[in-house]
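J.: This structure is in structure tokens; I'll ask about it shortly.
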Amino acid sequence: MSRPIVIVGAGVIGLDVALLLAEQGYGPSITVIAEHLPGDTSINYTSPWAGANFSAISGGDANALRWDKYGYQHMMKLAEEHGTEACISKTPSFEYWDELPSKTKIESMSGYLEDFAMLDIKDIPKGCQFGVSFTTITVNAPRYIQYLYRLLQEQYGVQFVRQRLPSIKAGFSDISTKIVFNCTGNGARHLPGVEDAKSYPTRGQILLTKAPQITKNVMRHGKDYETYIIPRPQSNGSVILGGYMQKGVSTGDTFSRESESIVERTTTLLPELLTPGMEVLAAFSGLRPSREGGARVERTSIQLDELRNGILVHNYGAGGTGFQAGLGMARDAVNAVEDVLRSISREKSRL
Ligand SMILES: Cc1cc2nc3c(=O)[nH]c(=O)nc-3n(C[C@H](O)[C@H](O)[C@H](O)COP(=O)(O)OP(=O)(O)OC[C@H]3O[C@@H](n4cnc5c(N)ncnc54)[C@H](O)[C@@H]3O)c2cc1C
């Protein structure tokens, strides 16, 4: 089997690249190589631990604003057309800030979010200075990546290989490989050939709870904390409560003092959690693959031997936004190799 396109990594970032390429007819030319695949759980595999939702937690730079907009529009369409199978849902959302957020960010969001409204100060929690409401996307993260995994194999003919690569160069081990996408998340810090010192984990602890009465997404952005409540689609009333943003912390352990703080903060923010009551089912911890200066989406060239250079597209460092920004990042990554893709055959039926 030839391998013209290799994607290293099967988190949401690698799966999003595979999806965009498969939609353009490249499915049978794609091989995803990953140590962890959807359905696995490991502290070295972030995607199953995400909340997840679309929110204003992302940065305010031009890339982040563009990726968010593209991701929102794509996922809203997916929720309308395949929400049940994909385990994603349109959900009313309320976000509050302890300090005024950037004007650029709010202006950008107000331009495309459905049902966007700025809230009156009397309608926002005490201590907050600003609040908005809109229709967001909530995602059952572990089930959504399993949906993409099935879709890519069954409908688009994408191959998946479970393997831990010893270096990024090893992605080019098949002579037919023309492009490698590096979607290794936290792996980028130590993987030989990448070794990005700007990469670091941001630990988060979350609680999986049962609270079927909660049907809205609520977030409070503090100076040094994030508190959030995310109803999980297609889960019989599960709700994710969070959270923490601990820069540079890499333990996968969970801590009871953090669980207590999460319960205290979320029930203060949304007292409906306590009526008629909620059940805490489990605590999890995950490591957001973060990067100084933001995510790296960049085409580079890598020397493979004296005669051969490989085209390597980096796509990692999504931090706390891989689900909402992943499709926008994937679009930039794919556009960066448009010229090379033209030399790879496509399925005519998808054109
Ligand atoms: C608590 C928490 C809450 C979050 N909430 C949200 C949210 O609400 N919304 C949102 O958008 N995002 C959220 N995120 C962030 C989101 O989960 C991440 O941005 C996203 O999962 C990163 O995906 P990734 O594909 O880059 O990394 P990963 O999911 O970690 O995938 C990396 C892949 O690379 C593979 N890999 C690495 N090294 C190698 C190697 N040497 N050889 C082979 N394979 C390798 C791994 O096996 C894996 O398949 C949250 C994260 C956490 C922890």
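J.: If you take the alpha carbon radius of gyration of region 5-350 and divide it by 2.2 N^0.38 Å, what ratio comes out, to two decimals?
T.: 0.99
J.: Can you tell me the orientation of helix 141-154 relative to the chain, as the angle in degrees between its alpha-carbon axis and the longest Cα principal axis, to the nearest 10?
T.: Compared with the principal axis, the helix lies near 30 degrees.
J.: When only DSSP loop residues count, what GluC sites (Glu not before Pro) in region 217-322 have their Cβ near at most 11 other Cβ atoms within 10 Å?
T.: Loop-located and lightly packed - Glu292, Glu306.
J.: Also, quick follow-up: Given the Cα-Cα distance of Asp61 and Glu154 and 0.36 nm per residue of separation, how much length would full extension add, in nm?
T.: Additional length available on full extension: 29.8 nm.
J.: If you count the DSSP beta bridges with both ends in the chain, what percent of them are antiparallel, to the nearest 5?
T.: The antiparallel fraction comes to roughly 70 percent.
J.: Computed on alpha carbon atoms, what radius of gyration and Dmax characterise region 286-351, expressed in Å?
T.: 14.9, 42
J.: Ok, one more. Within region 170-231, report the chymotrypsin sites (Phe, Trp or Tyr not before Pro) that DSSP leaves as loop and that have at most 14 other Cβ atoms within 10 Å.
T.: Of the chymotrypsin sites (Phe, Trp or Tyr not before Pro), the ones in loops of region 170-231 whose Cβ has at most 14 other Cβ atoms within 10 Å are Tyr225.
J.: Still on this model: Magnitude of the Cβ-charge dipole of the chain, K/R +1 and D/E -1, about the Cα centre, nearest 20 debye?
T.: Approximately 440 debye in magnitude.
J.: Only sites in a loop by DSSP and with at most 10 other Cβ atoms within 10 Å count here; which GluC sites (Glu not before Pro) in region 1-81 make the cut?
T.: none
J.: Would you compute, from DSSP H runs of 4+ residues alone, the mean residue ellipticity of the chain at 222 nm, taking -39500 (n - 2.57) per run and dividing by the full residue count, rounded to the nearest 500?
T.: Mean residue ellipticity, 222 nm, calculated: -8500 deg cm²/dmol.
J.: By the gyration tensor of its Cα atoms, with a ≥ b ≥ c the square roots of the eigenvalues, what is the shape of region 227-351: rounded for a/c under 1.5, prolate for a/b over b/c, or oblate?
T.: Verdict is prolate for region 227-351.
J.: Which sequence of Arg342, Arg66, Arg3 reflects their accessible areas, 1.4 Å probe, from the largest down?
T.: Largest accessible area first, the list is Arg342, Arg66, Arg3.
J.: Here is a follow-up. Nearest 10 degrees is fine. How inclined is helix 256-269 to the longest principal axis of the chain, computing both from alpha carbons?
T.: Once rounded, one gets 60 degrees.
J.: Calculate the spin-label point distance for Ser235 paired with Thr267, positioning each point 7 Å from the Cα along the beta-carbon direction, and give it in nanometres.
T.: Spacing of the two 7 Å Cα→Cβ label points: 1.9 nm.
J.: Roughly how much of Tyr45 is accessible, in Å² to the nearest 10, using a 1.4 Å probe?
T.: So the heavy atoms of Tyr45 present about 10 Å² to solvent.
J.: With the calculation restricted to Cα positions, what are the radius of gyration and Dmax of region 1-152 in angstrom?
T.: 17.8, 63
J.: A 26 angstrom limit on the alpha carbon distance is what I want to check against. Which of Lys178/Lys247; Lys69/Lys216; Lys105/Lys216; Lys77/Lys178 exceed it?
T.: Lys178/Lys247; Lys77/Lys178
J.: Roll a 1.4 Å probe over the protein chains and send me the accessible area per residue for the chain in Å².
T.: 44 Å²
J.: How much of the accessible area of region 155-306, in percent, comes from carbon and sulfur atoms when a 1.4 Å probe is used?
T.: Using a 1.4 Å probe with all protein chains present, region 155-306 comes out at 49 percent carbon and sulfur.
J.: So, one more: Return the Rg/Rh ratio of region 1-90 with Cα-based radii and a Kirkwood Rh.
T.: 0.98
J.: Which order do you get for His190, His36 if you rank them by accessible area with a 1.4 Å probe, largest at the top?
T.: His190, His36
The values are calculated or read from the model by the stated rules, or taken from the named source; none is laboratory data. As the structure is a computational prediction, the values presented were derived from the model and not from experiment. Cβ: placed from backbone, ideal geometry, glycine included. Neighbour counts: every protein chain shown. All accessible areas refer to the heavy atoms of the entire protein, side chains included, with ligands and DNA or RNA removed. Shrake-Rupley method; radii C 1.70, N 1.55, O 1.52, S 1.80 Å.
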